[in-house]
Amino acid sequence: MHILAIEGLTKRFPTVTALDRLTVTVGPGVTGLVGANGAGKSTLIKILLGLLPVSEGRAAVLGLDAFTQSAEIRRLVGYMPEHECLPPDVSATELVVHLARMSGLPRTAARERAADVLRHVGLAEERYRPIGGYSTGMKQRVKLAQAIVHDPKLIFLDEPTNGLDPRGRDEMLTLIRRIGTEFGISVLVTSHLLGELERVCDHVIVIDSGRLLRSSAITEFTQATETITVEVEEGADALAGRLAELGQTVTPHGRMLLVKVRGPETYDAVRDATADLDLCLIRLEQGRNRIEDVFRGEAAHV
Amino acid sequence: MSEIYDIGYRHYDGPRLGRHHTVLALGVHSLRGVFGLGRPARSKIMPFSLAAIMMFPVVVSIATMAMIQQRVGDYSGYAVVMQAVVAIFLASQAPTVVAPDLRHRVLPLYLSRPVTITEYVGAKVAAMTVALFLLVAVPLTVMFVGDLLVDMPGPPPTGEYLGAVTMAAVLAVLLSTVGLALAALTPRRGLGVASVITVYLLSTGAAPMIYAALYESGYRSAGAWGWLINPFWLVDAAQVWLFGSTAHIPDGAYPGGPAPILIVLALIAAAMAVLSARYRKAASQ
């Protein structure tokens, strides 16, 4: 079953067209929604939650119609907004318990679930302190916790890594991956950075100015572009020449060489070439091309 | 450390309750917020001291009934006499009901759940209404119980007491809808407090002035309408028509007939319209 089925979705605001005949389907797992700021990512999520009316088109979430059954949908999904949305004078526990009850959980169940999810997102003792004193990273964790407290089938995460430092970003991405795999909750996560999504997503959708640019599985990107990175102490040029003679595709990349993998023979060629030239091999690394590079390449071809 | 026992993620397959449960939970949560329950101690100071002040006339009344067998003040006039305290309670607490969610943009967290805007606004209005009703009706009831226990000569004023409690409910609905509508126009709590108290002071100051101005210029019957600018006198006028109580104004009389109660209903409808427009706008942001 499709988690999301969007067909010809159009949303016009008085001055801009946020979504322009968008048609795309999303399966279970972690899906990245990528686009520049203003590409229509947040608008799409709000429409799927039934919070914004649409101009044209249809959308289904978990098999339910987004316009007539939005109350049913909101029972089954979780939402982490992009902006700050936490009252400063209550504690994380109080807020998450309250919001669990707003999702229909009885009082005791709400307490248990809140304690559970706050532990899963990594908030320990500080969860009893008012949110006003939290760091950005902790606030993002609270926002994530409230999105999963009612055990939804699907969550919409709008720019969850916004404002986080590199370490916080890593931790947030790991958490999202766990939610999508261990917790078994499907995830639609937006970002304007392709690079960070490739680590956690099974599938990536790219939109620009409300139009679909591309929708494909992560494996498609990585399989098509598998390379190995070779670094030798010196004599990289000689090695590049030798590999080219052996019929390999080599691109110099600073001090390193990127060699396109054709099959097992590519590894043999690298081994033989370095041995023959008597070079000192200091790195042989399987490098997956970053999705970003793929798009950069595609954009260059256009 | 808290993470010694990592039992992994557990799914929830317990009951998911319906709308009335969530609306009730939100209403109770907001009502607790009005009285500062579950909040730091300083949030409790204002509502509870005002509630205590509301009890002073009750204590005096019961004492005089017990000692000199006389009633000071009546049930029907209690809300009018105590109007400044009720107004301060409304001004100080109405913004706490609506402002934080607007200011900190918490609304999307509600609206991405089964809660609708109508239910959200309804729960907030209900919470404020119940708070104001309790503020006025609890002292009235204590006074009445005291009245019965003292066993004053003559029949107990049950009719007047019930009328006063009914009008306390009407007053509570009127004040909470108008107060919340005013408070919700600004996301800042301080401005909300200021705007509610300003509107109250203007209406209180204007009523006798309009009455006097019209009365002096010879429009005696028109002057009576001047009193209806103040919400407490407006509800008192409705009480006079509905329950035949005496008017609690410094001078003159109210215009008779159903006009006051119709004005009350129109004001409630207008305030609800403002609230729903305000929240529809906030929701689409």
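The values are calculated or read from the model by the stated rules, or taken from the named source; none is laboratory data. Quick caveat: nothing in here was measured; it's all calculated off a predicted structure. FYI the Cβ positions are ideal-geometry reconstructions off the backbone, even for glycines, and counts take in every protein chain you see. SASA here: full protein model, heavy atoms, side chains in, ligands and nucleic acids out. Shrake-Rupley method; radii C 1.70, N 1.55, O 1.52, S 1.80 Å.
Scan around residue A:155 for amide H atoms under 5 Å from its own, H built in the peptide plane at 1.01 Å from N, and keep only partners 5 or more places away or cross-chain.
When sequence neighbours closer than 5 places are left aside, the close amide H contacts are A:78, A:186, A:187, A:188.
Would you give the gap between the C-alpha center of region B:15-90 and the C-alpha center of region B:238-285, rounded to a whole Å?
Using only Cα atoms, the two centres lie 21 Å from each other.
Hey, rough spin-label estimate for residue B:9 and residue A:258, points 7 angstrom out along Cα→Cβ, what's it come to in nanometres?
3.4
Angle check, please: helix A:291-301 long axis (alpha carbons) against the longest principal axis of chain A (alpha carbons), in degrees 0 to 90, nearest 10.
Its long axis makes an angle of about 70 degrees.
What's the FRET efficiency of residue B:39 with residue A:84 using the Cβ-Cβ distance as r and R₀ = 25 Å, to the nearest 0.05?
The formula returns an efficiency of 0.75 here.
Helix B:189-216 against the longest principal axis of chain B: what's the angle in degrees, Cα atoms only, rounded to the nearest 10?
The helix B:189-216 is inclined about 20 degrees to chain B.
Provide the per residue accessible area, probe 1.4 Å, for region B:19-283, rounded to a whole number of square angstrom.
Roughly 43 Å² per residue, with all protein chains present.
Just grab the label-to-label distance for residue A:167 and residue A:115, each label 7 Å out from Cα along the Cβ direction, in nm (one decimal).
About 2.9 nm, to one decimal.
On average, how much accessible surface per residue is there in region A:1-147, in Å², for a 1.4 Å probe, leaving out ligands, DNA and RNA?
38
Taking θ = phi - 60°, what integer Hz values does the Karplus form 6.51 cos²θ - 1.76 cosθ + 1.60 yield along region B:73-78, in sequence order, with x for Gly and Pro?
Per-residue couplings from phi come out as x, 10, 5, 5, x, 4 Hz.
Taking the Cα centre as origin and putting +1 on Lys and Arg beta-carbons and -1 on Asp and Glu beta-carbons, what dipole magnitude results for chain B, to the nearest 20 debye?
With only Lys, Arg, Asp and Glu charged at Cβ, the dipole is about 1140 debye.
For each pair in A:41/B:281; A:46/B:124; A:11/A:260; A:139/A:260, compute the distance between the two Cα atoms and list the pairs where it is over 31 Å.
A:11/A:260; A:139/A:260
For chain B, what relative contact order do you get, as a whole percent, if you take Cα pairs closer than 8 Å and at least 6 residues apart?
Dividing the mean separation by the residue count of chain B yields 22 percent.
Before rounding to the nearest 500, sum -39500 (n - 2.57) across all DSSP H runs of length at least 4 in chain A and divide by the residue total; then give [θ] at 222 nm in deg cm²/dmol.
Taken over chain A, the calculation gives -11500 deg cm²/dmol.
Over both sides of the A-B contact, add up the buried accessible area with a 1.4 Å probe and give it to the nearest 100 Å².
Counting both chains, the buried surface is close to 3600 Å².
So what is the calculated 222 nm ellipticity per residue for chain B, using -39500 (n - 2.57) for each DSSP H run with n of 4 or more, over all residues, to the nearest 500 deg cm²/dmol?
Result for chain B, helices only: -25000 deg cm²/dmol.
Mean separation of Cα pairs under 8 Å and 6+ residues apart, divided by the residue count of chain A: what relative contact order is that in percent?
19
Quick check: at a probe of 1.4 Å, how many percent of the accessible area of region B:19-283 sits on carbon and sulfur atoms?
Carbon plus sulfur share of accessible area: 73 percent.
Once each part is reduced to its C-alpha centroid, what is the distance from region B:104-179 to region A:48-68 in angstrom?
Cα centres, region B:104-179 to region A:48-68: 39 Å.
For chain A, take the longest principal axis of its alpha carbons; what is the angle in degrees between that and the long axis of helix A:166-181, to the nearest 10 within 0 to 90?
70
Roughly how big is region A:4-221's charge dipole about its Cα centre, with Cβ charges of +1 (Lys, Arg) and -1 (Asp, Glu), in debye to the nearest 20?
The dipole magnitude comes to about 360 debye.
For residue B:241 and residue B:212, what is the calculated FRET efficiency with R₀ set at 22 Å and r taken between the beta-carbons, to the nearest 0.05?
0.40
Hey, got the dipole for region A:63-188? About the Cα centre, +1 on K and R Cβ, -1 on D and E Cβ, debye to the nearest 20?
For this selection, approximately 300 debye.
Which net charge results for the neighbourhood of residue A:218, defined as the other residues with beta-carbon distances under 9 angstrom from its beta-carbon, given Lys and Arg at +1 and Asp and Glu at -1?
Overall, the nearby charge balance is -3.
Considering only A:49, A:142, B:215, whose Cα is most displaced toward the positive end of the charge dipole of the protein assembly as shown, charges sitting on Cβ of Lys, Arg (+1) and Asp, Glu (-1)?
Going by the Cα projections, it comes out as B:215.
Mind checking which of A:92, A:40, A:71 is farthest towards the positive end of chain A's charge dipole, using Cβ charges of +1 (Lys, Arg) and -1 (Asp, Glu) about the Cα centre?
A:71
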